[in-house]
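Engineer: Take a look at the following structure, please.
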Amino acid sequence: MTETRSDRSWIRLLALFTIGSFIEAMLYGHLSAFTPLYLPKLGISTNDVSRWTGIIAAVSGIPGLIFLPFWGALADKYSRKPIIIRSFVVHVMVASAVALAGNIWIFLIGRALSGLSLGNSGLMMTTLAERSPENRRGFAFAIMNTAAPIGVFAGPLMGGPIMDRWGLPTLLFVDAIFLILVVIGLGVSYRDTFTSQVDRPILKMAAESINIVTRSASLRSLFPALFMLFAGWMLAMTYVPIAINELYSGLNEATVVGIVLAAGGLVALFLGPLFGSLGDRFGLWRVLFFGSVIQIALWPLLALTKGLTAFGIVYAIVNGIGSGVFAISFSVLSNSTTSDVRGRIMSFAFLPVNIGVMLGPAIGAVVTRQSVFAAFPTASILTAIGLAMLVFAYRQQLG
């Protein structure tokens, strides 16, 4: 039985999920932006920071992939609410573990715990898809999913001065407090009226979730396309803080990194909802193709800029476009499945991003050995491959 749709309840629910996504993304923003600056304090030499940054980003998502099929199955069998709240509890554990890490291995284990939080965004989007008007669904998805890119970059802006003055552990403990408030807010304010009529073993349901993806020609081609598309974005994003550090020679490194990343978040604040609205009006696939082409053209420019200001401007534009592409990709995925299995399929919604987080930085750890700026033309190549695969996936759906 699906949740009843209310004319107004979807707006309140959208606000609740958007705030939670924003706080969650702030944690990831702090970890991605400031890990390269913090690694020397864990005994990593300056020459090895780039390599370890790629390794940590690539490894951190692996454990979550093992459990990913189970979250949608558990939500369908029992309830979505505890599965969604579970992810934010995991974030509290991640922030605490990384803050207390005394060496690189404990730090790596703490980051790897983050993979156990996968699946929450897909379930939140499934609930929004059921409650929001069909002609506003692209807009609703764009609002919620733009919170993630904005949080990733607003976090470093606000956290940079704290990082410079008191260090990363203090900043992560602040994140943990906000995440605890999110857990309380979801527990009190989110009314989950979903009633399951499923009475099958969880292992069988998890296997069915994988089978649904592999049997569907459209999903079978769409997921790999998004893997490559987001691998390019995640590759570039992993090495942006290091590139900023090479272009800046002052003392307040974390503050400057936060300012530059926040510029990209400010552009994402406008482009994310704009892409969603354009997708509703002109077609999601058409806007997805357009955004990908622009990214391909702009990523290499980051390797050609000569100063921090020019780098920041180009970065803000291309990241804003990437955030728009990111936001509408979920609508494309949601529309590629049916309502009876949408919850389980959408629990895989962030899988392309997490595969991208592993694949992109893993490639980056190799290509940046000579120069960190090699990451950006490589990101363009990966995005181009992703675009070609998207075209194939689109034709599969038409067929």
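The values are calculated or read from the model by the stated rules, or taken from the named source; none is laboratory data. None of the values given here were measured: they were computed from a predicted structure. Ideal geometry is used to build each Cβ from the backbone, glycine not excepted, and the neighbour counts take in all protein chains shown. Only protein heavy atoms, including side chains, enter the accessible area calculation; ligands, DNA and RNA are left aside. Shrake-Rupley method; radii C 1.70, N 1.55, O 1.52, S 1.80 Å.
Engineer: On C-alpha positions alone, give me the angle between the axis of helix 9-38 and the longest principal axis of the chain, in degrees, nearest 10.
Structural biologist: Approximately 30 degrees, to the nearest 10.
Engineer: Please label the shape of region 137-195 as rounded, prolate or oblate, based on the square roots a ≥ b ≥ c of the eigenvalues of the alpha-carbon gyration tensor (a/c under 1.5 means rounded; beyond that, a/b larger than b/c means prolate, else oblate).
Structural biologist: Verdict is oblate for region 137-195.
Engineer: Can you tell me the 0 to 90 degree angle between the C-alpha axis of helix 217-247 and the longest principal axis of the chain, rounded to 10?
Structural biologist: Relative to the chain, helix 217-247 is tipped by roughly 20 degrees.
Engineer: Another question, if that's okay. Determine the calculated [θ] at 222 nm for the chain from helices alone, applying -39500 (n - 2.57) to every DSSP H run no shorter than 4 residues and normalising by the residue count; nearest 500 deg cm²/dmol. Walk me through the numbers on the way to the answer.
Structural biologist: Numbers: 17 runs with 320 residues, N = 399.
-27500 deg cm²/dmol, from helical runs alone.
Engineer: Rounded if a/c is under 1.5, else prolate if a/b beats b/c, else oblate: with a ≥ b ≥ c from the C-alpha gyration tensor eigenvalues square-rooted, which is region 165-316? The partial results should precede the final answer.
Structural biologist: Details: a/c = 2.16, a/b = 1.36, b/c = 1.59.
Cα axes put region 165-316 in the oblate bin.
Engineer: What size of dipole, in debye to the nearest 20, comes out for region 1-89 about its Cα centre when the only charges are +1 on Lys and Arg C-beta atoms and -1 on Asp and Glu C-beta atoms?
Structural biologist: Using only the charged Cβ atoms, the result is roughly 200 debye.
Engineer: Right, here's the next one. Kindly report the accessible area of the chain per residue (heavy atoms of protein chains, probe 1.4 Å, no ligands, DNA or RNA), in Å².
Structural biologist: With all protein chains present, the chain gives 40 Å² per residue.
Engineer: As an exercise, find the ratio Rg/Rh for the chain from alpha-carbon atoms, using the Kirkwood inverse-distance average for Rh.
Structural biologist: Radius of gyration relative to Kirkwood radius: 0.95.
Engineer: So, one more: Tell me the Kirkwood hydrodynamic radius of region 61-144 in angstroms, computed as one over the mean inverse distance between distinct C-alpha pairs.
Structural biologist: Details: mean 1/r = 0.0705 Å⁻¹.
Taking every pair of different Cα atoms in region 61-144, averaging 1/r and inverting gives 14.2 Å.
Engineer: Work out how far the C-alpha atoms of region 219-264 reach from end to end along every principal axis, then list the three figures in whole Å, largest first.
Structural biologist: Its Cα atoms span 49, 17, 10 Å along the three principal axes.
Engineer: Let me ask something additional. Round to a whole number: what % of the accessible area of the chain belongs to carbon and sulfur, probe 1.4 Å?
Structural biologist: Details: 10620 of 16000 Å².
In the chain, the share of accessible area belonging to carbon and sulfur is 66 percent.
Engineer: Also: Distance from a point 7 Å along Cα→Cβ of Arg191 to each backbone N in region 109-153: keep the residues under 17 Å and list them by number.
Structural biologist: 127-128, 130-132
Engineer: Under a Cβ-only charge scheme (Lys and Arg +1, Asp and Glu -1), can you give me the dipole magnitude of the chain about the Cα centre, in debye to the nearest 20?
Structural biologist: That gives a dipole near 560 debye.
Engineer: Let me check against my output: what whole-number percent is the relative contact order of the chain, with C-alpha pairs under 8 Å and at least 6 apart?
Structural biologist: About 29 percent, as a whole number.
Engineer: Let me ask you something else. Once both labels are modelled 7 Å past Cα along the beta-carbon direction, what's the Met93-Asn135 spacing in nm?
Structural biologist: Label at Met93, label at Asn135, 4.5 nm between them.
Engineer: Determine, from the Cβ-Cβ distance of Ile104 and Ile184 and an R0 of 45 Å, the FRET efficiency 1/(1 + (r/R0)^6), rounded to the nearest 0.05.
Structural biologist: Calculated transfer efficiency: 0.85.
Engineer: At 1.4 Å probe size, put Met237, Met124 in order of accessible surface, largest to smallest. List each step's numbers first, then the result.
Structural biologist: Working: Met237 25, Met124 0 Å².
From most exposed to least exposed: Met237, Met124.
Engineer: Packing-wise, with mean Cβ within 10 Å as the measure, how do 261-270, 366-375 rank, highest first?
Structural biologist: Numbers: 261-270: 22.3, 366-375: 17.2.
Packing order, densest peptide first, comes out as 261-270, 366-375.
Engineer: Taking the Cα centre of the chain as the origin and placing charges on Cβ (Lys, Arg +1; Asp, Glu -1), which of Pro224, Ile84, Asn135 is farthest toward the positive end of the dipole?
Structural biologist: Farthest towards the positive pole: Asn135.
Engineer: Could you work out how much longer the chain between Ile313 and Phe289 gets when fully extended? Use 0.36 nm per residue separation minus the Cα distance between them, nm to one decimal. Numbers along the way, then the final one.
Structural biologist: Values: separation 24, 0.36 × 24 = 8.64 nm, distance 2.29 nm.
Full extension of this stretch gives 6.4 nm more.
Engineer: What shape does region 287-390 take by its C-alpha gyration tensor, where a ≥ b ≥ c are the square roots of the eigenvalues and a/c under 1.5 counts as rounded, a/b above b/c as prolate, and the rest as oblate?
Structural biologist: Cα axes put region 287-390 in the prolate bin.
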